[in-house]
Structure formats: structure tokens, C-alpha cells
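What follows is a single structure, written as C-alpha cells, with notes after it.
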Amino acid sequence: MKTKPLVVITGASSGIGAAFARRFSAEGHPLLLLARRREPMEALALPDTLCRSADVTDREAVTAAIREAEARYGKTDLLINCAGIMLLGRPDTQAYDEWSRMIDVNVKGILTGTQAVLPDMVARRGGTVINISSVAGRKTYDSHGVYCGTKFAVHAITENFRHETAGSNVRFIVLAPGVVETPLVTHTTDQAIKDGYNAFKETMGGGMQPETIADCAWFAYAMPQSVCVREVVIAPTRQPE
């Protein structure tokens, strides 16, 4: 039986990233899981899976882990750039360090893995990159200023890379969820903003489950290589904006 190709997932220690890991493993793919915390990834106990601790802003660490996984499982056929942080805050009071960290993780973090796998994808004329953005990459929200900026950047980079590699039969896909039940908002340091976000979530009956986002990623990836689902925007039906 032919072995399925390697899938690399960043931000795989919790939330949507962990749901991606479970889904693609269930579909029979070997995995490389990357996150700063190694223990939660190993606790998933998935077969044919290599777990490595790496910050997505560390290009050398990410590249080394990908090369190690490729030596074991073959070339990367799918890279899912899922690592991200959401630090909400007002523009007149939020710490500059929080802005800087979001830019580093949410923007530079999609570039490290992409640079490690894309030249080979182009050379062999195949492969897929899925970048996880947000509805906040399509419109702005109060207290989301720099976060929105990073997600708008994800949309722009993905679309431009898609355009420039389409002739090489490489697919770039952006997946933009609305509110999801993940620990993402817990990173916000302003308690009042955090409480407001959670109250907004309750008005729609809660967020989507991470497994729903994994279903979307699988749908887009499982299409023939000749078909590129360029963008998926998904939100709770009761999320008004």
C-alpha cells in the first residue's frame, strides 16, 4: 500500500492545530507537529508522528525539524501554518511588545515553514500550503487593530504567493474562521476586553468547534491537485460580522 505524504502542522499543541493533527492522522498521513510546547503534542499519541518544540519565528529550528521529518517520511506535501496569537487591546494603551509579538508570530511565522518547503514544491510541481487567517483578516474590529493587520497580511501574502506559484501546480489556500472555541483569547492581558469578547461569543451560543475547521482544511486539501480552493471563510451562523 502506498504511504500517504507528509503533513506539517504548526501551532499543533492545542485548539485548531491539535484538531488538524487528529484529522489528518485519521486520514492516514504521517505528521510533523510543531509548537513551543512539546508535551501536549506528544499526548495526542498519534501514529507516524514526529513532535518537535520550535517557535515559528525561529527559521533555523523550523527548517531543521522539517528536514528531519522529511528524512523519515518523505517530502512535505502539505504545510498548515496554524500558529498564531491574539492579543487584543486599545491602540492608545496596548503595549508595543504585544504588537511586535503578534507581527512576529502571525506574519513572520507563516514564512519560516513556507520558505523551508516551497522551493521543493515548485521544483517537483506539487504541494499545498494552507495559511490560517481569520474573519479579522477581512474586516476590522474594535480592540483588534494590530491583530487585524497581521491577518490582513496573511490574506495578502497567501494570495500573492498563490498567484506566483500557480504555474508550478502549487496550491496556496487561506482559511479564515470566525469565533472558535479555543484558548486563543486567553492570551489577551486586558481583562475587560477579554470579558467583552467572551460575552460577545455567548450572544451567538458559543464558537465553532476546532474539528469544524479541520473538516474545512481536509475538504480543501482533498480536492484534486488541479483544483485550488483559494479561500474558505467560515463563522457561526449567529455571528453577525
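Please go through the range 172-195 and pick out each residue that is over 15 Å from the mean Cα position of the chain (by Cα) and either part of a helix (DSSP H, G or I) or of a type in the set (Lys, Arg) (or both).
The answer is Val185, Thr186, His187, Gln191, Ala192, Ile193, Lys194, Asp195.
Within the range 167-192, which residues are hydroxyl-bearing (Ser, Thr, Tyr) and either in contact with a Phe, Trp or Tyr (Cβ under 9 Å, 6 or more places away or on another chain) or under 17 Å from Gly137 (Cα atoms) (or both)? So that I can check it myself, show each step before the final result.
Narrowing the range 167-192 to residues hydroxyl-bearing (Ser, Thr, Tyr): 168, 182, 186, 188-189.
Hit for the range 167-192 is Thr188, nothing else.
Would you list the strands (runs of 3 or more DSSP E) that sit entirely within the range 1-78 and hold 2 or more residues that are among the hydroxyl-bearing types (Ser, Thr, Tyr)? Walk me through how you get there before you give the answer.
On the way: elements: 6-10, 31-35, 49-53.
Output list reads 49-53.
Conditions: (1) among the aliphatic types (A, V, I, L, M); (2) surrounded by fewer than 20 Cβ atoms within 10 Å (Cβ to Cβ); (3) at pLDDT 95 or above. Met1 meets all but one. Number of the miss?
Of the numbered conditions (1) among the aliphatic types (A, V, I, L, M); (2) surrounded by fewer than 20 Cβ atoms within 10 Å (Cβ to Cβ); (3) at pLDDT 95 or above, the odd one out for Met1 is (3).
Given the condition of a type in the set (Ser, Thr, Tyr), under 28 Å from Gln239 (Cβ atoms) and surrounded by 21 or more Cβ atoms within 10 Å (Cβ to Cβ), answer yes or no: does some residue in the range 150-169 qualify? It would help to see each step written out before you state the result.
Residues of the range 150-169 of a type in the set (Ser, Thr, Tyr): 150, 158, 165, 168.
Cutting the leftovers down to under 28 Å from Gln239 (Cβ atoms) gives us 150, 158.
The next check asks that each one be surrounded by 21 or more Cβ atoms within 10 Å (Cβ to Cβ); those that pass are 150, 158.
Yes: the range 150-169 contains one or more residues that are of a type in the set (Ser, Thr, Tyr), under 28 Å from Gln239 (Cβ atoms) and surrounded by 21 or more Cβ atoms within 10 Å (Cβ to Cβ).
The values are calculated or read from the model by the stated rules, or taken from the named source; none is laboratory data. Everything numeric in this text was worked out from a predicted model, so none of it was measured. All Cβ positions, glycine included, derive from the backbone under ideal geometry; neighbour counts span all protein chains shown.
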